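The values are calculated or read from the model by the stated rules, or taken from the named source; none is laboratory data. The structure displayed is predicted, hence computed values, not measured ones. So basically every Cβ, Gly included, is an ideal-geometry build from the backbone, and we count neighbours across all protein chains shown. Remember, those area values only see protein heavy atoms, side chains included, never the ligands or the DNA or RNA. Shrake-Rupley method; radii C 1.70, N 1.55, O 1.52, S 1.80 Å.
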Amino acid sequence: MSSAADQLELLAPALAFLLAAVPLAHLLGELGFFDAVARRVSHRVDGIWPWWLLAAATTAVLNLDTTVVLLTPLYLQVARRRGDDPLVLAVVPFLLANLASSVLPVSNLTTLIAAERFDIGAGELLRELGPATVAMLVVGFLTHRRWAARRAATGSAGLGAGGSGVGAVGRPVETVPAAPGERHVAPSPARATSSTDLRDEGGDDRRALVVGGLVVASLLVAFVAGPAVGIAPWEAALVADLVLVLVLRSLPWRSVPVATAAAVAVLGVLVALLVPEVRARGRPGR
C-alpha cells in the first residue's frame, strides 16, 4: 500500500489546486472580470489579436479549463453582439487552451503533476517551454487569421445576430435576403460593427477590473515566485478564493470539482497498484 500512498502524496498538490482553481474561475466570472475585460477590448480595439491574447493569458495564469468553460460562451456573446462571425471567435479559447497551456505549471493539471514529480519550477518551465509556446502562439495566430480571412472571402461565415451575415472579426458582409413571405430587417453596417450592446457598466466594470486585476496579477506573481518561498500554487489559489468570497459574499460550493478530484485520485491509486504488479510479472524467472 506504500505505492498507493506515495501516489496520493504526489497527486495531492495538483488535486488541491484543481479544487481551488475551478471555484476561483467561477468567482472571477461572478465578479464580472471577464465581461469587463471583454467590454473594454470591444470598445477600444478591433481585430482578433486582443481576444487571442486574453485567451492566452487566461490559460497561462488560470488554467486551460477556465479558458474553455468561461471564455467560449463569452466570446460567442461578444461576436453576436458585434455582428461578427461567431465561429471565428468561438474557436479561439479552444485553440489557446492547447497552445498556451505549457508556459506555467498551473496552466495544465498534467504539467502541474509532472512539475511536482520532477521538482520543476515555474522559472525553469518558462525557460524551457516559453520560446516554444511563443512560437506556437505566433504560428497559431497567423494560421487562424488566414483561415478567418478565407472564411469571410468565401461567404461561409453563416448568420450572425439577428440573421445578419458576418465575416471575420470586424468584417460584416452582405446579409442573406429573406425568403418570400418572411419579414427580415437587415441591420445597418454601422449597427453590425458597433459595440453599443457591449456598453461599459460604469462603476461595476471599474470595480471588477480593479479587484479582478489585482487578484490575477497577485496570482501570477505567486505562481512564479511563490515556490521559492514555500508558497504552493494551490495555497495561492485558495487565498484568492477567500479574498473573492469576502468581496462577493458568495461561496460557489457547487463549482468545487469534488467528483473530478476523487476520480483522479482513484485512478492514480489504481495505476500505482497495478503498474508494479505488471512489472513484476514481466521479470525473467516469474
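Would you confirm whether or not the range 52-63 contains a residue that is modelled with pLDDT of 90 or more, of a type outside the set (A, V, I, L, M, F, W, C) and part of a helix (DSSP H, G or I)? Within the range 52-63, one or more residues are modelled with pLDDT of 90 or more, of a type outside the set (A, V, I, L, M, F, W, C) and part of a helix (DSSP H, G or I). Applying the set (1) open to solvent by less than 30 Å² (accessible area, probe 1.4 Å); (2) over 18 Å from Leu76 (Cβ atoms) to Leu8 leaves exactly one unmet item: (1). Condition check: over 21 Å from the mean Cα position of the chain (by Cα), closer than 28 Å to Asp35 by Cβ, part of a helix (DSSP H, G or I) and at pLDDT 70 or above. Does Val271 satisfy that? When the stated conditions are applied, Val271 does not pass them.
Taken over the range 85-105, the residue count meeting the criterion of being of a type outside the set (A, V, I, L, M, F, W, C) and over 17 Å from Phe141 (Cβ atoms) is 2. The condition of being of a type in the set (A, V, I, L, M, F, W, C) and modelled with pLDDT under 90 holds for only one of Ala217, Ala208, Ala178, Ala240, that being Ala178.
Quick one: is Gly83 on the phi < 0 side of the Ramachandran plot and either touching a residue at least 60 places away in the same chain (Cβ under 8 Å) or of a type outside the set (A, V, I, L, M) (or both)?
Answer is no for this residue.
Of the candidates Val243, Val224, Val211, Val216, the single residue that is in a helix (DSSP H, G or I), open to solvent by 40 Å² or more (accessible area, probe 1.4 Å) and over 18 Å from Glu116 (Cβ atoms) is Val243. State all residues of the range 14-28 that are of a type outside the set (A, V, I, L, M, F, W, C) and either open to solvent by 30 Å² or more (accessible area, probe 1.4 Å) or free of Cβ contacts under 8 Å to residues at least 24 places away in the same chain (or both); if no residue qualifies, say none. The one that is of a type outside the set (A, V, I, L, M, F, W, C) and either open to solvent by 30 Å² or more (accessible area, probe 1.4 Å) or free of Cβ contacts under 8 Å to residues at least 24 places away in the same chain (or both): His26.
Within the range 49-83, the residues that satisfy the criterion of being open to solvent by 20 Å² or more (accessible area, probe 1.4 Å) and either farther than 24 Å from Leu220 by Cβ or among the basic types (Lys, Arg) (or both) are Pro73, Leu76, Gln77, Arg80, Arg81.
Restricting the first member to the range 91-118 and to residues that are outside any helix (DSSP H, G or I), and the second to residues that are open to solvent by 30 Å² or more (accessible area, probe 1.4 Å), the beta-carbon pairs closer than 6 Å and six or more apart or on different chains are Ser101/Leu64; Ser101/Asn108; Ser102/Leu129; Asn108/Leu64.
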